[in-house]
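Here's the structure, in structure tokens; my notes come after.
All of the numbers you see were taken from the coordinates with simple rules; none came from a lab. From a predicted model like this one, the values you see are computed outputs, not experimental measurements. As a convention, Cβ positions derive from the backbone with ideal geometry for all residues, glycine included, and neighbour counts pool all protein chains shown.
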Amino acid sequence: MKRLFPESWYPRLALAGVIASPIGFPPASAQEIPDPPRLEFAFEVRAEVADPVVVGELPIGTRRIVDILGGTFEGPGMRGTVVPGGADWQLIQEDGFSNLDARYTLRTDAGDLIYVTNAGIRHAAPEVMQRLNAGEEVDQSEIYFRAVPRFETGAPELEWLMRSVFVATGERYPNGVIIRFWRLH
């Protein structure tokens, strides 16, 4: 086959969508944006939390630990309780931006356990975050609270939790948190 361009040009031309890639990729098309993945509601957690314990001021922010006291969860085909004993390890920057690392256990009504690790962020205007972190109730629409959970369970009927990617939205209230989990398809 006769080459129209020097051999070294082909990877760049393929990336630019001018020609089909020599390694089998279809040509790139800057005009077409693929459809986004679909989200499916999985379940909602309503957790009661303790007052934060401030570990201290660190060079990278304030470390707080918020114990999870219990709660409930429910979604299509599953429901149960939040097992007391988990916590959210938070690192709060000066402007209120919060890195969240929550770890807790759910128990289904059938007795199966689900271990949850939830890495997330929460932020809003500094004055909103100041009120929220002081334990005041604030308008939840003013807060960006998102997380990426992972699940572990030994229950075969819940294996789908470990074989899917999820995203979560959150709402923080003075004595509790609502987390809604969405399965990415």
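Summing Cβ point charges (Lys, Arg +1; Asp, Glu -1) relative to the Cα centre of segment 39-184 gives a dipole of roughly 360 debye. Annotation: amide H of residue 49 within the under-5 Å range of 69, 176, 177, sequence separation 5 or more or interchain, hydrogens built in the peptide plane.
Looking at segment 34-94, the GluC sites (Glu not before Pro) that sit in a DSSP loop and have at most 15 other Cβ atoms within 10 Å of their own Cβ are 94.
Here segment 92-185 is described by how far its Cα atoms reach on the three principal axes: 46, 26, 20 Å, from widest to narrowest. For residue 33 and residue 115, the difference between the fully extended length at 0.36 nm per residue and the C-alpha to C-alpha distance is 25.9 nm.
Specify the inter-centroid distance of segment 39-82 and segment 142-160, based on alpha-carbon positions, in whole Å. With segment 39-82 and segment 142-160 each reduced to a Cα centre, they are spaced 12 Å. Restricting segment 98-185 to trypsin sites (Lys or Arg not before Pro) that sit in a DSSP loop and have at most 11 other Cβ atoms within 10 Å of their own Cβ leaves 163.
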